[in-house]
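The values are calculated or read from the model by the stated rules, or taken from the named source; none is laboratory data. Since the model is a prediction, treat every value here as computed from it, not as a measurement. Cβ placement follows ideal geometry from the backbone for every residue including glycine, while neighbour counts extend to all protein chains displayed.
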Amino acid sequence: MTTTQSIIIAIVEGITEFLPISSTGHMIITQKLLGIESSEFVNLFTVNIQFGAILSVVVLYWKRFAEPLKTEKISGSFGKRFTHRLDFYLKLLIAVLPSAICGLLFIGLIYKMLGSVVVVAISLILGGIVLLFVDNWFKNPAQDQSMSYSRALKIGLFQVISMIPGVSRAAATIIGGLTQKLNRRNAAEFSFFLAVPTMLGASMLELFKTYQSLTPEQIKILLLGNVVAFIVALLAIKGFISFLTKHGFRVFGYYRIIVGMVILILMILGIDLNMVG
């Protein structure tokens, strides 16, 4: 993987990580279009640069992470602020547990699917069909928009689906939030928050498994990819929240279906898009 290729993939990651169109699926497709063969380092890069993207969430929502329930009427004592912060992080922990457990149990199958553009294409199309109807399914959010432990767990169960390449972690968790009667903004923001422990865990696990074999050049490429993904994601998040609140999911549904169909048509015409390796 060259420096230029790493920058292109990182830009794709930064744009797509928080959109309901599957960042992993788009990175797999981009790698193939750039002629990058699958390898241990490429798999590491694909997972690890998502860490750069999620750092943008921490920066943009720093007050929520430092003092998540600051808007509530609290006395201002350190003890109560600490209790509210702990409550916030416990809910994130509960939400991330289902995917953590399933990831450990099915890691072999997950890696096998990562190399399949066919899986990505089918997931894009099916997910796109779902997004065409989501706005009509969830028209009446609840008045109570607070995040309970029960809501967090159920959203976490939806996140498990996103282990299939092309499904989109953002789409799965946002829809999970909508099923819990959250409005679009709150569902999207909790999806962002949940990305932090989810992708941090995945990135650190992948890095731990391969760090001893990394060359200085590969380390530079990883760092560059994370920086680029971070900057691009900073710009993408705010725009997505504004667009989603005003326009909903339908345009993302059409986009997913078109991209998925194009991939399948190219493969039918004999163009092999599956990752080699």
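Just need a number here: residues in the range 166-187 that are under 11 Å from the mean Cα position of the chain (by Cα) and either closer than 14 Å to VAL96 by Cα or in a helix (DSSP H, G or I) (or both).
Going through the range 166-187, the residues under 11 Å from the mean Cα position of the chain (by Cα) turn out to be 166-174.
Then keep just the ones that are either closer than 14 Å to VAL96 by Cα or in a helix (DSSP H, G or I) (or both); that gives 169-174.
Going through the range 166-187 one residue at a time, the tally reaches 6.
Mind telling me which of the residues ILE49, ILE21 ends up being aliphatic (A, V, I, L, M), buried (at least 21 other Cβ atoms within 10 Å of the Cβ) and outside any helix (DSSP H, G or I)?
So the residue among ILE49, ILE21 that is aliphatic (A, V, I, L, M), buried (at least 21 other Cβ atoms within 10 Å of the Cβ) and outside any helix (DSSP H, G or I) is ILE21.
Sort out which residues of the range 73-126 are among the β-branched types (Val, Ile, Thr) and either in a helix (DSSP H, G or I) or at pLDDT 70 or above (or both), and write them in order of number. Break it down into steps so the answer makes sense when it comes.
Pass one, the range 73-126, residues among the β-branched types (Val, Ile, Thr): 74, 83, 94, 96, 101, 107, 110, 117-120, 122, 125.
Those that are among the β-branched types (Val, Ile, Thr) and either in a helix (DSSP H, G or I) or at pLDDT 70 or above (or both): THR83, ILE94, VAL96, ILE101, ILE107, ILE110, VAL117, VAL118, VAL119, VAL120, ILE122, ILE125.
Out of GLU206, GLU189, report the one residue that is of a type in the set (Asp, Glu) and under 24 Å from LYS139 (Cβ atoms).
Values: GLU206 fails: under 24 Å from LYS139 (Cβ atoms).
Unique residue meeting the criteria: GLU189.
What are the residue pairs meeting all of these: first residue in the range 166-194, first residue within 22 Å of ALA66 (Cβ to Cβ), second residue in a loop (DSSP other than H, G, I, E, B), Cβ atoms under 6 Å, and 6 or more apart or on different chains?
Correct list of pairs: ASN186/GLN145.
Would the range 150-162 turn up any residue that is farther than 19 Å from ARG250 by Cβ, in contact with a Ser or Thr (Cβ under 8 Å, 6 or more places away or on another chain), crowded, with 24+ Cβ neighbours inside 10 Å and of a type in the set (Lys, Arg)?
For the range 150-162, residues farther than 19 Å from ARG250 by Cβ, in contact with a Ser or Thr (Cβ under 8 Å, 6 or more places away or on another chain), crowded, with 24+ Cβ neighbours inside 10 Å and of a type in the set (Lys, Arg): absent.
Name the residue that is surrounded by the most Cβ atoms within 10 Å (Cβ to Cβ), counting only residues in the range 200-236 that are more than 13 Å from GLY14 (Cβ to Cβ), of a type in the set (A, V, I, L, M) and at pLDDT below 90.
We begin by selecting, within the range 200-236, every residue more than 13 Å from GLY14 (Cβ to Cβ); these are 200-223.
Restricting the remaining residues to those that are of a type in the set (A, V, I, L, M) gives 200, 202, 204-205, 207, 214, 219, 221-223.
With at pLDDT below 90 added as a condition, the list becomes 200, 202, 204-205, 207, 214.
Numbers: LEU200: 16, ALA202: 18, MET204: 14, LEU205: 15, LEU207: 15, LEU214: 16.
The extreme case among them is ALA202.
Run LYS139 past the list (1) within 30 Å of ILE271 (Cα to Cα); (2) out of contact with any helix residue (DSSP H, G or I) (no Cβ under 7 Å at 6 or more places or on another chain); (3) not polar (S, T, N, Q) and report the number of the one that doesn't hold.
Every listed condition holds for LYS139 apart from (1).
Which residues, counting only those in the range 147-165, are in a loop (DSSP other than H, G, I, E, B) and either under 17 Å from PHE192 (Cβ atoms) or of a type outside the set (S, T, N, Q) (or both)?
First, pick out the residues of the range 147-165 that are in a loop (DSSP other than H, G, I, E, B): 147-148, 162-165.
MET147, SER162, MET163, ILE164, PRO165 - these are the residues of the range 147-165 that are in a loop (DSSP other than H, G, I, E, B) and either under 17 Å from PHE192 (Cβ atoms) or of a type outside the set (S, T, N, Q) (or both).
For the range 98-149, enumerate the residues that are exposed (fewer than 14 other Cβ atoms within 10 Å of the Cβ) and among the polar types (S, T, N, Q).
Selection gives ASN136, ASN140, GLN143, SER146, SER148.
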